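The structure appears right after this line, and notes come after that.
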Amino acid sequence: MLKPLIWQDLPFGELLQTEIEAKLAPWWPRIFGYHLLKVGALSGQLNSLSCSITRHFSVYDATNASIQADPHHLPIQQSAIDTVLSCFLLEFESDPYQILREFDRVLISSGYIFIVGFNPISPAFIGKILPKYQTQLPWSGQFFMPSRVKDWLGLLGYQVLADERLMYHSLLGQGADNRGHQAKKSPQTPLWQKSIANWLPSTGSVYLIVARKMTTPLTPIKDKSKIKAPTWSPAPTAGRSGLTNTQGVEKALIKPKNS
């Protein structure tokens, strides 16, 4: 399946990137941890410098990625990532639910998932109807309903924190030429786009879903009537012991090949 590798592969790609970065910006200071994983080529090119997470990595099947791998099978240890960012990835992969399962596997408890995708109930869906555009990006991919993506996340045990829209645009009328260059974007937003945003806010051509991994108790809650009174005994030591991981971040993240 044809996939976008750079933002210029998409119509109005630079404008899309700018709008998505602006939509993500308010979220970054609210997310904490050690590892932010950007899955997909477009995800890796998004600016996340304002994110409170210290280390940012990209994963996709190309040599310029931080980790070159198939997103269906991430070579990362279980529960090693604090936040996953996926931008226009599910639309162009053969098994999107398997990719979400991989996100869930590598995420820590209470970790975050940010998913950006194309909304089929939007002006952008016009390109799916017109034969001229059906074989071009992004219309050559699958447009999943945001509600379907949220259902998948619900099955995996996630709480959806936000479901936002942006880019009230058909994305038609601008295509890359043979050299991959694009025409300059219009500096002003047409009146009809502003009207759609005001009157039909759920029909933005791009959706942003933010979800958090829910935690469950490791042991079942006991019946209070069966709980026995504790028997107290002196503590054998007043100290506290623990383990310190001094290995490099690569060893902590990358899953062993024989696992």
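The values are calculated or read from the model by the stated rules, or taken from the named source; none is laboratory data. Here the structure is a predicted model, which means the values were calculated and not measured. As a convention, Cβ positions derive from the backbone with ideal geometry for all residues, glycine included, and neighbour counts pool all protein chains shown. Keep in mind that these areas ignore ligands, DNA and RNA; they rest on the heavy atoms of the full protein, side chains included. Shrake-Rupley method; radii C 1.70, N 1.55, O 1.52, S 1.80 Å.
In this simple spin-label model, placing a label point 7 Å from the Cα along the Cα-to-Cβ direction at both residue 129 and residue 255 gives a separation of 4.3 nm.
Just the accessible area per residue of region 1-92, please: how many Å² with a 1.4 Å probe?
It amounts to 42 Å² per residue over region 1-92.
Report, in listed order, any pair from 128/255; 128/213; 128/150 with a Cα-Cα distance greater than 28 Å. Walk me through the numbers before you get to the answer.
On the way: 128/255 39 Å; 128/213 33 Å; 128/150 23 Å.
In this structure, 128/255; 128/213 lie more than 28 Å apart at Cα.
Let me know the shape class of region 41-177, please: from the alpha-carbon gyration tensor, a ≥ b ≥ c as square roots of the eigenvalues, rounded when a/c is under 1.5, otherwise prolate if a/b is greater than b/c, or oblate. Judged from the Cα gyration tensor, region 41-177 comes out prolate (a/c at least 1.5, a/b above b/c).
Separation of region 150-171 from region 6-73 is 17 Å, based on Cα centroids. Taken about its Cα centre, region 1-140 carries a charge dipole of about 180 debye when Lys and Arg each add +1 at the Cβ and Asp and Glu each add -1 at the Cβ.
Going by a ≥ b ≥ c, the root eigenvalues of the Cα gyration tensor, does region 1-86 fall in the rounded group (a/c under 1.5), the prolate group (a/b larger than b/c) or the oblate group?
Numbers: a/c = 2.41, a/b = 1.08, b/c = 2.22.
Oblate is the answer for region 1-86, as a/c is 1.5 or above yet b/c matches or exceeds a/b.
Here the spin labels are modelled as points 7 Å beyond Cα on the Cα-Cβ line, and at residue 62 and residue 14 they lie 1.8 nm apart.
Can you give the FRET efficiency for residue 109 and residue 25, using 1/(1 + (r/R0)^6), R0 = 30 Å, r = Cβ-Cβ distance, to the nearest 0.05? Provide the component values of the computation, followed by the final result.
Working: r = 26 Å, r/R0 = 0.87.
Efficiency, rounded to the nearest 0.05: 0.70.
Applying 1/(1 + (r/R0)^6) with R0 = 25 Å to the Cβ-Cβ distance of residue 155 and residue 6, what FRET efficiency is obtained, to the nearest 0.05?
Details: r = 33 Å, r/R0 = 1.31.
Efficiency, from the Cβ-Cβ distance: 0.15.
How much accessible area per residue does region 108-157 have, in Å², with a 1.4 Å probe?
Numbers: 2170 Å² over 50 residues.
Accessible area per residue, region 108-157: 43 Å².
Per atom type, region 73-134 shows carbon and sulfur on 53% of its accessible surface, probed at 1.4 Å.
Which FRET efficiency, nearest 0.05, do residue 77 and residue 52 yield, Cβ-Cβ r, R0 25 Å?
On the way: r = 22 Å, r/R0 = 0.88.
Result of the calculation: an efficiency of 0.70.
Net charge of the neighbourhood of residue 98, taken over other residues with C-beta under 11 Å away and scored Lys/Arg +1, Asp/Glu -1, is -3.
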